[in-house]
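Some notes on the structure that comes next.
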Amino acid sequence: MKLPPYADALGATVEQGEDGVPVLVMPFGPDVIGRPGFLHGGALGGLLEMAAIYALKAALGEEGRVKPINVTVDYMRGGRDKPTRARGSVTRLGTRIANVEAIAWQDEPDRPIAAARMNYLIVR
């Protein structure tokens, strides 16, 4: 499955996680810097959203388009000068609404630097 254009702008690629779930990887670079040495919050939020959309599109297949209803991002610690990984998981897939969660981490998935909860409208 092809990544959304914004994921390409972030330089994100896809790797297979240990549990077989796809993980998006965003390199640290000049396009995602906020304050010196740290990730910009918008780039981190964008990565979380791309991970959520990637997971949702995998669950839907070619069945429909998705439109965001709301996005809530919790920033837990500053992202440093290293690659950032994110993965999404669909928590509920209804006929019109999907609930998706995503986490981002740098060293260990058990120590996320940010998490998001999103609701999407499914247009079939």
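Bear in mind that the values in this text are calculations on the coordinates, not laboratory data. Note that the structure is a prediction, hence the values are computed from the model and not measured. Quick reminder, even Gly has a Cβ in these numbers, built from the backbone with ideal geometry, and neighbours come from all protein chains shown.
Observations on the model:
- Amide H contacts of MET76: ALA114, ALA115, each under 5 Å away and 5 or more positions distant or on a separate chain (H built 1.01 Å from N in the peptide plane; Pro and chain starts excluded).
- Segments 101-108, 14-21 sorted - mean Cβ within 10 Å per residue, highest first: 101-108, 14-21
- Taking the longest Cα principal axis of the chain as reference, the axis of helix 41-60 is set at about 30 degrees.
- Correct choice for Rg/Rh (Cα atoms, Kirkwood Rh) that was computed from the model, options (i) 1.00; (ii) 0.93; (iii) 0.96: (iii)
- Normalised contact order of the chain, rounded percent, pairs of Cα under 8 Å and 6 or more residues apart: 26
- The trypsin sites (Lys or Arg not before Pro) of the stretch 1-101 meeting both criteria, a DSSP state outside H, G, I, E and B (loop) and at most 14 other C-beta atoms within 10 angstrom of the site's C-beta, are LYS2, ARG77, ARG80, ARG96.
- Amide H contacts under 5 Å for GLY34, placed H, 5+ residues apart: LEU39, HIS40
- Peptide ranges 112-122, 33-43 listed from the most packed, as the mean C-beta count within 10 angstrom indicates: 112-122, 33-43
- Over the chain: helical MRE at 222 nm, DSSP H runs n ≥ 4 each giving -39500 (n - 2.57), nearest 500: -6500 deg cm²/dmol
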